[in-house]
Amino acid sequence: MKRTRAKDTDDESGGTAPGGIQALDAALAVLRVLRSFDGPATLSDIAREAGMPPSKAHRYLASFIHAGLAVQKERSGRYDLGREASEMGVAAISRNNFVVQASDELEELATMTGQAALLAVWSHNGPTVVRLERGPSLTTTSIGLGSTFPLLDSATGRIFLSYLPHQQLRARLEQELDRATATGVSWPDLNPDAGSLEALATKIRRERVAFVDGRYIPGLIAISTAITNWQREIEVAVTLFGTHKGLLQPDSPARNALIDFASRHSIVSPDYLGKKTLRKKGVTDVPD
């Protein structure tokens, strides 16, 4: 995880830097470093990542402990986030409504790209449309509010397939796989088996988008990506759809706008999720 290095300054008397208090900026940098570790960290590790002497980092940590933002483990002496930090995080999360925030800019996305746009969330029926903007060029389609998508046939469904924890989508996925096996259905890029599913999900996470070229609704092109939460899991799928095949081009303005939209509305950007997951799976050629 990328860590922010704090300015090393000896002025802790309230001197100001542009836009804020310099000592407070340095203190918050220490807190961000503490947050970036996967678990409790030593003073030397925290100081190194914050770019300051251990004695200075220790003073900040002591203040965080007094405020309940940090704790020090008795046996190891390592530092970790405290109860107050957890409560602040939960409070922030409870106020972050992904759908509402993304909805505010969905019309702008549709207008900018010239495509219809939708937001979908996961429900017991699968990916479900909760917001729809038809854009400047009206697309005649049966898709509307409350419409649900399959996991295997649709761009929106494939994004959930790639970013949603397996235990949440297992039942729905098994139904679709059983149906595909029974009817002999397959796709140009997917067979109804575990290996093919994992390969497709890995490709989608690497490219940050899923797309279909008319196999769900004849003639309709769709491209989708994920808005992800603090646990790097999908909260909302945002999808562009229309009849223009340029949507599928890797460098198309619409595709870039879609990825940027999802990144701005994610707490942790989907590209970071993809890199971390891919590297855990042994894929080493993932760009930084």
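The values are calculated or read from the model by the stated rules, or taken from the named source; none is laboratory data. Being a predicted model, the structure only gives us computed values, none of them experimental. Using ideal geometry, Cβ is built from the backbone for each residue, glycine included, and neighbour counts are taken over all protein chains shown. For accessibility, only protein heavy atoms count, side chains too; no ligands or nucleic acids. Shrake-Rupley method; radii C 1.70, N 1.55, O 1.52, S 1.80 Å.
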For this session: Could I have the simple spin-label model distance between Leu24 and Arg59, label points 7 Å from Cα toward Cβ, reported in nm to one decimal?
Result: 1.8
Exercise. Share of the range 197-253's accessible area from carbon and sulfur, percent, 1.4 Å?
Worked result: 53
